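Written below as structure tokens is the structure these notes are about.
The values are calculated or read from the model by the stated rules, or taken from the named source; none is laboratory data. If you're wondering where the values come from, they're calculated on a predicted model, not measured in any experiment. FYI the Cβ positions are ideal-geometry reconstructions off the backbone, even for glycines, and counts take in every protein chain you see.
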Amino acid sequence: MSFVLRLPTGIERKLEMLWRGSPGPGDAWNVDFSTPAGEAALVPPQSVSWRVFKNPVTVFIGGVAAVILELAEPRVRTGVWEHSRFREDPVGRLKRTGAAAMLTVYGARSIATPMIERVARMHAAISGVTPCGAPYTAADPALLTWVQATASYGFIGAYREYACALDELEIDAFFEEGLAAAHLYGAVQAPRSMRELEGLFASMQGRLEGSSILFEFLDLLRAAPVLPRPLAWMQSMLIRAAVDIVPGWARARLGLDARRGLRGLERGLVKSIAGLADRVVLPGSAPAQSCMRLGLPATFLYR
């Protein structure tokens, strides 16, 4: 049975803003997902992707896991750390990334496609050299594929681990559904299945490395006021949940020991929170508004 949880107005508005990914009114990322009426997204509402991305808890966990894996690749790490404002404005950077993810999955095609093209143009302007002297460009299809693959792994991994079990066909469908957007971003070799993702991971193991930047990222994220104050107590726990879904071989290579993961009864608590989030409708969120845009009830994804 689905239900709508009515939270105190202030908390609900903050959660909806966080969930939409927008830094605030008037921001370029502040999109009304309920319009244009009837216009389809890049993937349909019956997709696995719409189910997975509706869960704010597992999206947060999966996004953190994805960044951990992204920062393990030296060229991606240098590009992210030297050409973004994460250190100065971690919350704003997270919200902009969240806005892009929400638009990619739920946004009307006429809004999502130009946004993706704009991001691709930004990538084309970013280049540099790693501390070890390796040149890179953010438009490199191989690096874009790594970013896309790690994001897919994080989101589907967090959802199936903490919110809802998925079978092999559903997992592979999730990868297939993301291909159109991945190609628009420039990730032309994005994995089409979990098997292909595992092959990519195997090919990358020797290229990944630990870094002090990874631990700085985790420290910044723990300290940043990402969640509304009444929910701030769970932020560190959700970050530890993200560490736990990073593949064991990668955790070992990056120096993420057991102390960085979930403790004691926390796994059960995270599952309870994520399971609840999977059944609660926030009427102003991107998933609910996008359903209404297509003439579906706001509860469509929660049945």
Exercise. Of (1) charged (D, E, K, R); (2) within 19 Å of the chain's Cα centre (by Cα); (3) surrounded by fewer than 16 Cβ atoms within 10 Å (Cβ to Cβ), Arg303 satisfies all except one. Which?
Worked result: (2)
Seminar exercise, completed: Expected single match for surrounded by fewer than 21 Cβ atoms within 10 Å (Cβ to Cβ), assigned to a helix (DSSP H, G or I) and more than 20 Å from the chain's Cα centre (by Cα) among Leu276, Leu269 is Leu269
Exercise. Just to be sure, is Arg192 assigned to a loop (DSSP other than H, G, I, E, B) and not hydrophobic (A, V, I, L, M, F, W, C)?
Worked result: yes
Exercise. Which condition breaks for Leu169 when tested against (1) surrounded by 17 or more Cβ atoms within 10 Å (Cβ to Cβ); (2) in a helix (DSSP H, G or I)?
Worked result: (1)
Exercise. What pairs come up if the first residue lies in region 148-159 and is in contact (Cβ under 8 Å) with a residue 24 or more places away in the chain, the second is among the polar types (S, T, N, Q) and crowded, with 24+ Cβ neighbours inside 10 Å, and their beta carbons are under 8 Å apart, counting only those six or more places apart or on different chains?
Worked result: Phe155/Thr58; Ala158/Thr58; Tyr159/Asn55; Tyr159/Thr58
For this session: Return the only residue of Glu168, Glu209 being under 26 Å from Leu42 (Cα atoms) and charged (D, E, K, R).
Result: Glu168
For this session: Please work out which residue is nearest to Ser272 (Cα to Cα), limiting yourself to region 57-101 and to residues that are surrounded by 20 or more Cβ atoms within 10 Å (Cβ to Cβ) and touching a strand residue (DSSP E or B) at 6+ places or on another chain (Cβ under 9 Å).
Result: Val76
Problem set entry | Enumeration of residues in region 235-266 that are in contact (Cβ under 8 Å) with a residue 60 or more places away in the chain and farther than 23 Å from Ala223 by Cβ | Ala250, Arg253
Exercise. What about Ala66, is it aliphatic (A, V, I, L, M) and under 10 Å from the mean Cα position of the chain (by Cα)?
Worked result: yes
Problem set entry | Given (1) exposed (fewer than 12 other Cβ atoms within 10 Å of the Cβ); (2) at pLDDT 95 or above; (3) of a type outside the set (A, V, I, L, M), index of the condition Pro225 fails | (2)
Problem set entry | Considering residues of region 189-214 that are aliphatic (A, V, I, L, M) and within 26 Å of Arg93 (Cα to Cα) only, the residue surrounded by the fewest Cβ atoms within 10 Å (Cβ to Cβ) | Ile213
Exercise. Just wondering, is there one or more residues in region 150-166 that are assigned to a helix (DSSP H, G or I) and either among the charged types (D, E, K, R) or over 28 Å from Arg240 (Cα atoms) (or both)?
Worked result: yes
Exercise. Which one of these does Phe217 not meet: (1) part of a helix (DSSP H, G or I); (2) exposed (fewer than 13 other Cβ atoms within 10 Å of the Cβ); (3) at pLDDT below 95; (4) not basic (Lys, Arg)?
Worked result: (2)
Exercise. Is one or more of the residues making up region 64-74 outside any helix (DSSP H, G or I), acidic (Asp, Glu) and in contact (Cβ under 8 Å) with a residue 24 or more places away in the chain?
Worked result: yes
For this session: Kindly indicate whether any position in region 43-52 is more than 30 Å from Arg207 (Cβ to Cβ), at pLDDT below 95 and either of a type outside the set (Ser, Thr, Tyr) or touching a Pro at 6+ places or on another chain (Cβ under 6 Å) (or both).
Result: no
For this session: Go through region 79-122 and give me each residue that's touching a helix residue (DSSP H, G or I) at 6+ places or on another chain (Cβ under 9 Å), among the hydroxyl-bearing types (Ser, Thr, Tyr) and either closer than 17 Å to Ala142 by Cα or in contact (Cβ under 8 Å) with a residue 24 or more places away in the chain (or both).
Result: Thr97, Thr104, Tyr106, Thr113
